[in-house]
Amino acid sequence: MQLFGKYKQLVLFIILIHAVYFGMALYFQGIYTVDSIGYLFQADNIIHHHSFYSEDFSKPILPDYFSFRPPLYSLFILFCKSIFCSNYFVLFIQNLVSISLFFWIIKFCDELKIKKKHTQLFIPLYLIFYPAQFVYVNTIMSEILFQFLLFCAFYYSYRIMLNTTFKNSILMCLFFALAMITKPVSLLIGLSVILFLLLKKRLNTFKLLVPILLLPATFLSVSFINKDATGYFHFTSVKSIFLVKYMVKYTAVSAYNEEYADNLVSRIMNEADKKTSYEMRLKYMDEMGYKFINEHKTDFVKLFAKGCIAFMIDPGRYDIYKFYEIKNGAIEGYHTFHTKGANAFVEFIKTAPLFVVIVLAFNLLWNVVVLTFFIFMFFSKKIPAILKILIGIFIFYIMLSTGVLGLSRYRVPIFPQLLIAFLLFVQHSNFLNKIISKSKIA
């Protein structure tokens with residue numbers, strides 16, 4: 001209640017913008033992606049088949065889908081539907097999760113002594129120019145749950161540096177473990193942060209060593225479940241599939257052409273399907289994938305660099321088209337960009353509705369500003385080094401892990417860290433504070 005009183009206008013704005021987007025989700029009904037169906041199948045299979053299989057059990061079984069999606073988000077769906085059986089109720093709960101997260105972010109900014117006028121001005125601006133946050137709040141996808149868990153882990157990682165208690169340690173490791181069973185991409189982020197904490201500060205061994213066992217315990221538990229289902233001890237099949245169908249494919253497009261890339265991927269997958277065990281299948285995919293990339297290092301590095309830049313500035317073309325259910329003039333942005341290069345932008349502008357072009361142009365400009373402030377934040381001597389490094393670990397880990405894809409959606413999980421980095425830089429920039437004071441916009 002004290003927070004509400006101090007930031008009344010900001011709190012009301014956060015609730016209102018969530019309500020507006022939820023209303024639009026009800027109207028446009030663009031609440032599904034290709035991945036959504038997998039989560040819904042998995043939720044159904046947990047109940048009826050006691051399995052984490054994330055495809056239709058009535059069709060021929062595909063072993064990849066036993067370990068394709070960790071189960072926490074589907075369990076979240078089941079929890080929501082146990083209260084009211086509707087996919088829109090799942091989205092309603094996701095909106096509550098997102099609102100709660102932003103209240104927590106405001107509280108954290110208050111703890112960091114970020115000026116009220118900066119918080120009240122720039123959080124609304126950031127929310128307006130980053131619609132992907134609200135698109136995925138209103139989509140049957142794990143992004144918002146994953147975002148919440150990562151922020152919880154981030155917050156308690158920071159708290160540990162201030163006060164190394166067993167409570168802070170267990171909460172940090174618990175949220176890292178929960179993130180692991182939400183998205184496979186988070187497999188190593190917990191260990192990365194803990195390694196940094198150990199190097200940065202002499203922590204009480206017992207207070208950290210016991211909680212950290214949650215991470216290998218989570219890995220082993222999931223891997224044994226997958227072994228029972230497929231005969232192969234592994235955490236996820238996503239790594240091998242992503243390697244061949246994205247990293248290899250678009251490296252081959254860069255090195256040769258689209259036809260060569262499609263044929264290469266088909267050859268690898270066809271040979272993999274001939275293997276007599278699932279273990280041999282995934283290992284063959286890994287072997288051939290890494291071999292091709294190793295032979296085309298320059299093309300892969302270029303592709304990876306473009307993906308990292310796109311990760312930070314992608315304005316969210318796909319998100320807008322999906323949410324508003326726009327069919328006319330829709331193109332496959334990522335695929336077209338990597339196969340046609342700069343011509344993809346020309347094709348998009350010719351086919352896209354004018355309002356989409358305008359919205360995405362403003363989003364792109366804002367993302368460039370956010371990236372610039374994020375980079376400059378590291379050069380500010382006024383911001384505590386521990387905070388800068390922690391923010392950097394979370395953002396760079398997700399950026400590097402998603403690699404070649406570089407989509408706006410993959411930035412959603414670390415949106416809170418980017419927002420805090422933005423506010424920290426504004427807070428400690430004399431130049432920006434002079435501009436803000438003179439313009440009287442805050």
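The values are calculated or read from the model by the stated rules, or taken from the named source; none is laboratory data. Just so you know, these numbers come straight off a predicted model, no measurement behind them. Virtual Cβ from ideal backbone geometry, glycine too; neighbours counted across all protein chains shown. Please note that ligands, DNA and RNA were not included when accessible areas were found on the heavy atoms of the full protein model with its side chains. Shrake-Rupley method; radii C 1.70, N 1.55, O 1.52, S 1.80 Å.
In order along the range 246-252, the phi-based Karplus estimate (6.51 cos²θ - 1.76 cosθ + 1.60, θ = phi - 60°) of 3J(HN,Hα) comes to 10, 5, 5, 4, 7, 5, 5 Hz; Gly and Pro are listed as x. Taking other residues whose beta carbon is less than 11 angstrom from the beta carbon of Thr251, and scoring Lys, Arg as +1 and Asp, Glu as -1, yields +1. Per residue, the average separation of C-alpha pairs within less than 8 Å and at least 6 apart gives the range 39-183 a relative contact order of 23 percent. 3J(HN,Hα) couplings calculated from phi for the range 353-358 with the Karplus curve 6.51 cos²θ - 1.76 cosθ + 1.60 (θ = phi - 60°) are, in sequence order, x, 4, 5, 5, 4, 5 Hz; Gly and Pro show x. Annotation: per residue accessible area for the chain equals 46 Å², rounded to a whole number [probe 1.4 Å, protein chains only]. Rounded to the nearest whole Hz, the Karplus-based 3J(HN,Hα) values (6.51 cos²θ - 1.76 cosθ + 1.60, θ = phi - 60°) of the range 396-407 follow the sequence 5, 4, 5, 4, 6, 6, 7, x, 6, 6, x, 9, with x at glycine and proline. Taking 0.36 nm per residue of separation and subtracting the Cα-Cα distance, full extension of the segment from Ile375 to Tyr260 would add 37.6 nm. Between Ile241 and His50, the modelled label-to-label distance comes to 2.5 nm, taking each label 7 Å out from Cα in the direction of the beta carbon. Ordering Ile375, His18, Ser58 by the projection of their Cα atoms onto the charge dipole of the chain, which places +1 on the Cβ of Lys and Arg and -1 on the Cβ of Asp and Glu, puts Ile375 at the extreme positive end. In this structure, Lys107 and Asn163 have a Cβ-Cβ separation that, at R0 = 22 Å, corresponds to a calculated FRET efficiency of about 0.85. In a fully extended conformation the segment linking Lys283 and Ile37 would gain 85.8 nm over its present Cα-Cα distance, using 0.36 nm per residue. Protein heavy-atom surface of the chain, 1.4 angstrom probe: 66% of the accessible area is carbon and sulfur, with nucleic acids and ligands not counted. Calculated mean residue ellipticity at 222 nm for the chain: -23500 deg cm²/dmol, from DSSP H runs with n ≥ 4 weighted as -39500 (n - 2.57), summed, divided by the residue count and rounded to 500.
Relative intensity of the chain on a log10 scale, I(q)/I(0) at q = 0.06 Å⁻¹, equals -0.27, per a Debye sum over C-alpha point scatterers of equal strength in the absence of solvent. Here's the list of lysines a cross-link from Lys249 could span, going by alpha-carbon distance under 22 Å and ignoring same-chain residues fewer than 8 apart: Lys239, Lys274, Lys275, Lys283, Lys291, Lys297, Lys302, Lys306, Lys340.
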